[in-house]
Structures are given as structure tokens and as C-alpha cells.
Amino acid sequence: MNWLFPEFLAGAFAVGLPLLLHLLRRWPRRPVVFPSLRFLNAGKRSSDNLWQRLCRWLVLLLRCLVLALLAAAFARPFFENRDLTRPNRAVAIVVDNSFSLQSGRRWDDLRQWAREKVGDLAEGDKVGLMLMAPQPSWVIAPTVDTTRPLEALAGLSPGWLTARAEPALRMAGDALAALPADRREIILVSDEQRLTWSGSDFGRKLPPGVTVTSSPIPPAPARQAAVLPPILTTTERGLRATVTVRNFTGRQTRTLSLYRNDPAISTGDATSRSRDGDQEVAAPFSPSANPSPSPRPLRVEKLELEPQETRTVEIDLPGPTDHAFWLRCRLDADDLAADDSAYAVWQPSSEGPVLLDAAAPGADADFAGVALASAANLPPAFTLMAPPAGKWPARAVAVLRNDGSFSGAAAANLDAFLADGGSALIFASGGPAQSAWLAVHQVTFSPLPRRTESWPVHDWAMGHALVAALSQRRLQMLLGWEFTQGWSMPAQAVEPLAHWSDDAAAIGEIRVGPGRVLACGFIPDRRAGDWPVTPSFLPFLHQAVTYLFHAQQVTAVTGLTGQTLPLEGPAGRWHGVEGPAAGVTETELSGAVTPLLPGIYEFTQDKDRKLFAVNVPAEESDLASWTAGTPWLGLISAEPAPEAKIPRVQIAATEAEQRAPLWWWAVAAAALLVLAELSLANRTVR
Amino acid sequence: MFAPLDMAELAALTSLPLRARCLADAVGAGRHRSRRRGASVEFADYRDYHPGDDLRRVDWRLLARTDRAHLREAHEETPMRVLLLLDVSASMNYASRPKLMTKLDYGRSALAALSLVVRRQRDAGGIGLLAEELSGYLPPSSSPGRLRSLWATLETPASSRQTPLARTLAQAADAAPRACLFVIASDFYEEADAIADVIRRLRFEGHDALALHLADPEEEDFTFSDPAQFQDPETGSEWPLDPPAAAAAYRAAFAAHRVRIHDLFLENGFAHLSLRTDVAPVDALSAYLAVRAGRS
């Protein structure tokens, strides 16, 4: 038995106190007059019988023991550890958690090997657990409790990143060098990919005394190929996806499937052309590989891959290209499934058309048509056309001023157009069809009362993007808007841009499902005033169309797992959509994000929507092992470890005391003895 | 049904006559009716005339109606001689709690109330204090001033270290007239065998007796928990005592002594009543009335 703080044992002299009290206070002095003592048995009259004497001595013994145990607890007892003579080890387990470890049984086998290594450690050895990716970091800092790294190891799984060994080894080596130990060892749990050591500076050594033990190299995969992210380009016939498939093993036949998240597209109508042979291949239907949301693959192709071949496949995609969508290319399963899917996002590069209906009957001239034709060549460039009789193109802006555009088939087309995310600029026509259509969307057009002077438009919402764009040109753009006839909207029913009066909006924005409508309570010709010939007329139309185009815009970003992607603008909602990323729940983010799972992500800000295609790093797919010897030997320093004066006994004593906290048992025993003392003391006369 | 009495309120009454009236009123005791019949105003029964009977008691109206002579009988009221004896030994001067009466005060109150009942019954009341010798003795008398004399004697502070109960009782028996009712208020801390002779003597001499065996609740229950130095007020001896260890034996010995005293009185045809000082002594008054009724 040893003592961490033996000076506290002096407290054991306190046992003299109960002894002294015991000797001084022999009998109770409190007198009690009681007249019927004659009925007490002679043997019971005195408390000085054998039982009482025994109890008194027992109580005295308990009191002395309590004090002695408390003194012992403060002195922190511990048993001498025989392992104190054994050299202490400091071990860092560095785990390669790149996605190449998902191949076959690599992860399970290497983890079991690591567990055995931790099991070889003796008491007093320190062990820590470090992950290589996305950047070297301690999961468990070096500790003498070997169960914690084991528990953490059991809960780990390989990620979707690539990893390099050197930064992790240096970080672990520096940490081990700072620990007081006789032996410092890094246990490297890795599949020894050639890639793991790429870029390593073998001329710079680890701290002296730090050794590296690496896990056994796993067997090579029997069947491994990877698909790279498709490249989307436009052709005369539409859109073309260029898909690259790399074979890392021998000859094999693989199936490549292409999915698109557009339910409007019928499957099986794409054509493909292999670059190594210009033959057109019909796309067979494969119902067994249907990812969400496309129920069927757009294209399925069988590939006969030669050993180590890189095959490029070009696939023409059917369907409209005027709106954003994402694609997923998928190979059938092999030894490493992590790189068998790749993702891409298509974003149209140009704006859609502006759909302008006919001028209202009675208009003296088509001011809006002339102004829009003039603005068509300004950026963003657009084409001006009349609304088609059938379905309106989704990526378009409709400018409507005729009451006929709000009735019959035209109204149905307008509703479908807005339901697809289209946008519209509406001028008041004063007709019943327009009022009815607006009433359906919870907005009422009320005519302004007739008066001699004209109605000015004022009280502009300067924070609105459209008003801000107008005012940035010239503030005078917001002046001179006067009308002899107008219609007002309740300010609480719309997002007002300008007002006739306090509660009456002159220009308001309405959300109709995903679509956006700018409603103006005045007509765009000279029947109600000279506004169409003022300098603000054309800029307003141009900015309004630009604003409505921008509201539909979807920004597409591509990236890799572990890569930090900037998120410009205000905070928004980030969530996964497809692939392993689909499990990423919605969170509010701003600034930047580092996705750790591949797939399609969506980032939604106030009026903007961005799609992110995140793929695994292609270089990690090559599972080829390092063949030129053991690379870590090049990092080990040949210099001897510096002679460090390790206060072994003191440290070992502290650790031994912490491992078996006997002081706690001493306190517990003292507490029990106090209870026994209280119980017995009440039965004795002192 | 007696009105309940609060012992704390009773103990707070410092005037002995007041206590006595409270107790007597609680029992509702008044004049009693004798079972003996004689010449009185209260009709009891008719009986046939026998030669030699007093002609003044013949019911002449009945003779006129029935032509037969009948005597008219009425209840006769007879006085009883009651001798109240109070043990004033040091052991009686004990109360285990501040709000309790000592056994001595309790006995005084009970006997004072009894003396009031005796007075209301027009019986003859006497008194004696059982100290080292019989003291303060007043023979039974039904004179109007006797009640005040009895209360004055009861209020006389008297205590001695120890009372030889057998001897003082014998002295009372010597002094008492014939056919008295001895009402003895004591804690009877005397061996039963020692007082057996004098109890038997009372029986042989035609006396009646009512023993009021007084005890403090703590004497009966013995619930002390803390060890202490116990003192006997009569002998002055002191013992260090562990009450929980001695409690069981004490209670058994106390109960056995009480049973022996109880049996001694009952064997001689007397009444014995155990009273706790935390319960109003109305039972004592009821017992007296019962004894009184049995003797009439």
C-alpha cells in the first residue's frame, strides 16, 4: 500500500480526540428524577453491564476508525503497480477513412486488426485515435483508458472522401513526441493505396523516437470501375451528356444507367454514341435500378471494358433544356460501390422568351410592345413573342394587358405557366375576366374614384429589388407616375412596390404557387396619362422583365466531397436531394459548406435556388497499392529519441491511484461506520 | 354521559375548590336516594299493618276505601361516613411533563371533588394525610363547615421522604369510627404483602374502601430514550441508566405490582381504581357513587 499524499496521515492522530472524550466523560451527568425506580431490575439499573461496556468500546472503536479512514482517504492510498518497471508506450491509431476502404471487407478486416493492436497495450499505456479525412483530427485524444478508442473505433465507418497519410502521421508524431513515454508508436490503419502517399515529403522526418506500424495490405479488388461526373453540352439537337468510365481491373462487362429528375421526360428515348464506335445503341429498359425521383433510367448501356480502359460515352438527352435539372450516372455494383454513381446539374445559359399579349382594345398605340422590342437586345437578351396557343415555355416572362388573356384557354395556360414556376407582369385592363382571375388568387382590383386631378404613384418600397434597380439608375425614374384612371389592390394582400394611398397598392407582387406575378394598377397606354411616353416607361419594363427572369434562375454548382463550397448571399436552407446526400436533413447555413456525402444538394435563399452536384474524388477510385517497399519507413527518423527525464514514479503513482480510487472506498466505509456509530451511540449511556 | 374535561385546563386551575367543583359538575353528582325505607316524604310502597306498627304511618284514606289497614312507606335517607386519605410521600410529588399535575395535586383534586360530592350527599366527610405518620386527621362529620376544613387540610403543603403506608393506614383505622368508607389516594409504592394485614383489618372492622391508585403516564409507559442519571426522590439513590435496555423489565414489574394491589383490594371486597394523571379523575367520583349506592 502506497500513499499519494502521506502527509495527510498525520490526521490519524485525531483518533486521540474520541479516546480523550471517552476517558473524561465516564457517566452521563444529566439527572432525571423518577419515583418508581424500585421496579427496575437490579441488574438493569446500571448501564455498566457487559453489553453496555461492549457497546461503548465498539462505539469508541468506530469513531477512531472513522477518523483513521478519513485521514487515509485524504492521503489517497494506492497499491504499488508492478508494471511501473515496464516501459510506457504512447500509441496513436491513425485511421484512413477514405472511401476506398468501402471496398469489399477492407474496413472490417483493418478495424479488427486495429482492435487487436489496442488489445496488446498494457495498463498505463496511452492510446489515441485519429482520422485522416477530411483533415487529420483526434477522435479520442491519447488516454490511458483503452476502452474509449475501442468504443470509438466500433462506431466508425469509412467516409466518401480521399485521404493522405502524411499530414495525419506528422500530427500524430508531434503529439506523441510531446507525451512522456519510453516508446512512441503510430499504428497506421490504411489500405496502402498509392494515392495515400502521393505528395509526401519523405525528406522531412517524423520526430525522433516515433515509429510506424502499418496494417497488412489488403488483397486487390477483382472488379472495380468508376464513373466520372458527366459533362453536359448543348448540340444542335439539344443536350448531350459525356460520361467517362474508368476500368481499374481486368476485362469486364458493366451496365451504365442514366437518370434525370424531370418527370416530363419519357424514358428510353435518348440515343447514345460510343466514341470508340459510332454505332447507335437502343436503350434497353432496366426496371431494377430505379433511383428516386425518376422511376426509370433515361438510358441504359452495356459496356465491354478492356483492362485498365477509360471509355467515354456520349448520350443525347431528350426533352427541354430551358430549365435546370440534375442527372445521375450509375454503374452496376462492383467491389467499390462508392464511385459507381456520379452527378451533374444542368443550368440553361440563356434567358427564355418574353410572351406579350395583344394590346388592349382602344389603345392608341402598343407602347409596351415597342418598349420591349427595344429592350430585347439589352442584357439579359430575350426574344419577344406572342403567347403560344398551347403550353407556354416554363422559362419565360409573360407581359399581359388584355382582358382576353385571363379567360378561357388563355387563363388555363397562364395558370399552368405559373404552376411551372413562370412569371408574369400584369397591367390593369379594367375588364371582368382579369378581375375574376385576380379574385381567384385573393387579390381584388378596385377602380380609383374619378377626380379632376390625376392620381400619383408614390411611397415606393425602396427595399424591393426591382425598385432598388430602378432607383439606382436615376431617382427621377420614380417620379412623374401620374394617371387619370387606375385600380388599387389591398396593400395587405400583395407585397406592395408602390402605393396610390396608404392602404391602396398601385404595384404589387403576388406569389401564385412557385410562380411570381407583378400586378400594376394602371394601363400601359396614353388613355390614362402620359406615363408611356415618360423616361421611366422603358426602364420599368426592362427592369421588371429582368427581375422576373432572375426570380426563376437556378444556379448550378459542382464540387467534390470534402471540398468547401462558398454560399454567397444571405443565410439559406441547405438539404440533400439525391444519392447518399438525400439523408442530409435541412439546416440553415451561410458563408460556406463542406459536403461530406456525394449527391445532389439544394440551397434555397429568399428568392434564389441553387443546385449542387457533389461527387467523390475520382483519384480515390484507383485502389492500386504502393508497390515500392514500405513508404512510412522513409518518414521515420534515424536519430535516437532524446533523453527525457520522465518523472516515472510520480506519474505512475498518480495514474495508479486514479485507476483504482481507493480513497472513494475509504470515504464510503467511513460513512457506513458513521451510520453504525450513530445507531450504536443511541443505545449506550455515552 | 360526563362532559369531557381538559386536563391541561384543570391543571391550570390553581384553586383547589374550583377544581373540585369542575370535577363534581362534570360527573353531575348530587344527593342520592337510600335503598332503606322509613319515614320520609318520598313515597316508596304500601305494606300490611302489623300490630305494634306506628299508627301514625297508617294510610287512613286507604283504610276508608278498602276497610283494610296499610302502612305507607317512604325512602329513608341515611348518612355515610367517608374518610379521605391522601398519600403525601415524596414519590407523589412527581410530574413527567410541565403541563401535567403531579400525582399529589391530582390526588388532592380528586379528593377535593369527592369531598364536595360527599357534602352534596349530606354524608359525613373526614380526612387524613398519610405521611411518615398519620397527620391532619379530621373525623367524618356532616357539619356545614367540614367541607372547608377538608379542603384546607388538602391544601396544606405536606411531603415527607417516604411513607410507611401500612403503618399510617393502621393509624387511620385506629382513629376512624365504625363503618367508614376509606378513600385512599396513593401511588401504593409499598409491597402488597406489607399492606395486606391492614386491608384485611378494614374488612373485619366493617369498613369499606376505595383505592385510587395514581400513576404518572411516564411511570406507566416508561418511554425514556436517552441514558441519564436516574434519581429516586424518596431514597435519594442515583443510578446511571440505559432506559431502552431496562424498559421491558420495568413495565412488567410495574404492571405486576399494580395487579397485586388490585387483587388485594378485590379479595377483600373493596374497589380499586387505576388513574393516570393525564386523564380526568371523574372515574374516581363515579366509583365513589357506585360504592355509595351499594352501601345504601
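I'd like the accessible area for A:GLU655, computed on protein heavy atoms only with a 1.4 Å probe and all protein chains in place. Round to 10 Å², please.
Counting only protein heavy atoms, the figure is 30 Å².
Could you work out the mean count of beta carbons from other protein chains within 10 Å of each residue's beta carbon in B:234-247?
Mean partner-chain Cβ count within 10 Å for B:234-247: 6.
Could you compute the FRET efficiency for A:HIS550 and A:THR594, with r as their C-beta to C-beta distance and R0 at 30 Å, rounded to 0.05?
0.60
Give the whole-number value, in cubic angstrom per residue, of the convex hull volume spanned by the C-alpha atoms of segment A:354-552.
So the per-residue Cα hull volume is 109 Å³.
Determine the shape class of segment B:157-296: with a ≥ b ≥ c the square roots of the Cα gyration tensor eigenvalues, call it rounded for a/c under 1.5, and otherwise prolate if a/b is greater than b/c, oblate otherwise.
prolate
Could you grab the relative contact order for chain A? Cα pairs under 8 Å, six or more apart, rounded to a whole percent.
Details: 1417 pairs, mean separation 106.5, N = 686.
Relative contact order of chain A: 16 percent.
Can you tell me the relative contact order of segment A:354-552? Whole percent, Cα pairs under 8 Å, sequence separation 6 or more. Could the numbers behind the result be given before it?
Details: 388 pairs, mean separation 49.6, N = 199.
Relative contact order of segment A:354-552: 25 percent.
Assuming 0.36 nm per residue, please report the length gained on full extension of the stretch A:ARG30 to A:LEU675 beyond their Cα-Cα distance.
That works out to 229.7 nm of additional length.
Using the heavy atoms of the protein chains alone and a 1.4 angstrom probe, what is the accessible area of segment A:354-552 per residue in square angstrom?
With the other protein chains kept in place, segment A:354-552 gives 40 Å² per residue.
Under 17 Å Cα to Cα from A:LYS117, which aspartates and glutamates show up? Leave out anything in the same chain fewer than 8 places away.
Within the straight-line cut-off, A:LYS117 pairs with A:ASP96, A:ASP108, A:ASP109, A:ASP125, A:ASP145, A:GLU151, A:GLU185, A:ASP191.
So how do A:663-669, A:130-136, B:268-274 stack up, highest first, on mean other-Cβ count within 10 Å?
A:130-136, B:268-274, A:663-669
Compute the distance in nm between two label points, each set 7 Å from the Cα along the Cα-to-Cβ direction, one at A:GLU568 and one at B:ASP226.
The answer from the label model is 8.7 nm.
Take the alpha carbon gyration tensor of chain A, find the square roots of its eigenvalues, order them as a ≥ b ≥ c, and report rounded if a/c is under 1.5; if not, report prolate when a/b exceeds b/c, else oblate. Provide the component values of the computation, followed by the final result.
On the way: a/c = 3.53, a/b = 1.74, b/c = 2.02.
Oblate, because a/c is 1.5 or more while a/b does not exceed b/c.
In debye, nearest 20, what is the charge dipole magnitude of the protein assembly as shown about its Cα centre with +1 on Lys and Arg Cβ and -1 on Asp and Glu Cβ, if you could check?
Roughly 4400 debye for the protein assembly as shown.
Can you compute 3J(HN,Hα) from phi for each residue in segment A:406-415, using the Karplus curve 6.51 cos²θ - 1.76 cosθ + 1.60 with θ = phi - 60°, rounded to whole Hz and x for Gly and Pro?
Computed from phi, the couplings for segment A:406-415 are 10, 9, x, 5, 5, 5, 5, 4, 4, 4 Hz.
Would you grab the residues whose amide H sits under 5 Å from the one on A:THR244? Only those 5+ places off in sequence or on another chain, please, with H modelled 1.01 Å from N.
Answer set, sorted by chain and number: A:LEU228, A:VAL313.
For A:ALA439 and A:GLU495, compute 0.36 nm times the residue count separating them, minus their Cα-Cα distance, and round to one decimal in nm.
In short, 18.6 nm is gained.
Quick query: amide H of A:VAL512 versus all other amide H atoms, modeled in the peptide plane; which residues come in under 5 Å with a sequence gap of 5 or more or a different chain?
Counting only residues 5 or more places away or on other chains, the set is A:VAL517.
Rolling a 1.4 angstrom probe over the protein chains, ignoring ligands and nucleic acids, what is the accessible area of A:ASP335 in square angstrom, nearest 10?
Accessible area, nearest 10 Å²: 60 Å².
Give me the inter-chain shielding for B:214-222: mean count of other chain Cβ atoms within 10 Å, whole number please.
Per-residue shielding by partner chains comes out at 2.
What does the net charge come to around B:SER142 if you take all other residues with beta carbon closer than 11 Å to its beta carbon, with K and R at +1 and D and E at -1?
Value of the local net charge: +3.
What does the charge count near B:ASP59 come to, summing +1 for each Lys or Arg and -1 for each Asp or Glu among other residues with Cβ under 13 Å from its Cβ?
+1
Using only protein heavy atoms and a 1.4 Å probe, how much accessible area in total is buried between B and A, to the nearest 100 Å²? Spell out each step's value before the answer.
Numbers: alone 14650 and 32690 Å², together 44800 Å².
What B and A bury together is about 2500 Å².
For A:ASP459 and A:GLU306, calculate 0.36 nm times their separation in residues minus their Cα-Cα distance, and state this gained length in nm to one decimal.
That pair, A:ASP459 and A:GLU306, stretches by 48.0 nm at full extension.
Counting DSSP beta bridges in chain B, what percent are antiparallel, to the nearest 5?
About 40 percent, rounded to the nearest 5.
How high is the FRET efficiency between B:GLU132 and A:TRP665 when r is their beta carbon distance and R₀ equals 56 Å, given to the nearest 0.05?
Once the sixth-power term is evaluated, E becomes 0.25.
Taking K and R as +1 and D and E as -1, what net charge do the other residues with C-beta under 13 Å from the C-beta of A:GLY562 add up to? Could you put the intermediate results ahead of the total?
Details: positive: A:ARG164; negative: A:GLU619, A:GLU620.
Computed value for this residue: -1.
Which is farthest toward the positive dipole end of chain A among A:PRO535, A:THR585, A:MET385, measuring Cα position about the Cα centre, with Cβ charges +1 (Lys, Arg) and -1 (Asp, Glu)?
Checking the options against the dipole of chain A, the answer is A:THR585.
Which cross-chain or sequence-distant (5 or more) residues have an amide H under 5 Å from the amide H of A:GLU123, H modelled 1.01 Å from N in plane?
Sorted by chain and number, the residues that satisfy this come to none at all.
Relative to the longest principal axis of the C-alpha atoms of chain B, give the angle of the C-alpha long axis of helix B:146-155, reported between 0 and 90° and rounded to the nearest 10°.
Once rounded, one gets 10 degrees.
If I fit a long axis through the Cα atoms of helix B:243-267 and take the longest principal axis of the Cα atoms of chain B, what angle between them do I get, 0 to 90°, rounded to 10?
For helix B:243-267, the angle is close to 20 degrees.
On the first, second and third principal axes, largest extent first, how far apart are the outermost C-alpha atoms of chain B in Å?
Its Cα atoms span 87, 39, 33 Å along the three principal axes.
Just how large is the dipole of segment B:44-180 about the Cα centre, in debye to the nearest 20, putting +1 at every Lys and Arg Cβ and -1 at every Asp and Glu Cβ?
440 debye
Compute the acute angle (0 to 90°) between the alpha-carbon long axis of helix A:50-74 and the principal axis of greatest extent of the alpha-carbon atoms of chain A; round to the nearest 10°.
50 degrees
Quick check: at a probe of 1.4 Å, how many percent of the accessible area of segment A:354-552 sits on carbon and sulfur atoms?
Numbers: 4610 of 8020 Å².
Carbon and sulfur: 58 percent of the exposed surface of segment A:354-552.
Among A:428-436, A:164-172, how do they line up from the highest to the lowest mean number of other beta-carbon atoms within 10 Å?
Most protected by this proxy first, the peptides run A:164-172, A:428-436.
Can you work out the Karplus-derived ³J(HN,Hα) for every residue in segment A:385-402? Use 6.51 cos²θ - 1.76 cosθ + 1.60 with θ = phi - 60°, whole Hz, and x for glycine or proline.
Couplings: 8, 7, x, x, 6, x, 5, 7, x, 5, 8, 8, 10, 9, 10, 10, 9, 9 Hz.
In sequence order, what are the phi-derived ³J(HN,Hα) couplings for segment A:364-378 according to the Karplus relation 6.51 cos²θ - 1.76 cosθ + 1.60 with θ = phi - 60°, rounded to whole Hz, with x for glycine and proline?
So the Karplus estimates, Gly and Pro as x, are 6, 7, 8, 4, 5, x, 5, 5, 5, 5, 5, 7, 5, 8, 7 Hz.
Based on DSSP, what percent of beta bridges with both residues in the protein assembly as shown are antiparallel, to the nearest 5? Each step should come with its number before you reach the end.
Values: 98 of 166 bridges.
So the antiparallel bridges amount to about 60 percent of the total.
The values are calculated or read from the model by the stated rules, or taken from the named source; none is laboratory data. Owing to the predicted nature of the structure, the values given are computational and were not obtained by experimental measurement. Neighbour counts run over all protein chains shown; Cβ positions are idealised from the backbone, glycine included. Each accessible area value is taken on the protein alone, full model and side chains, heavy atoms only, with ligands, DNA and RNA left out. Shrake-Rupley method; radii C 1.70, N 1.55, O 1.52, S 1.80 Å.
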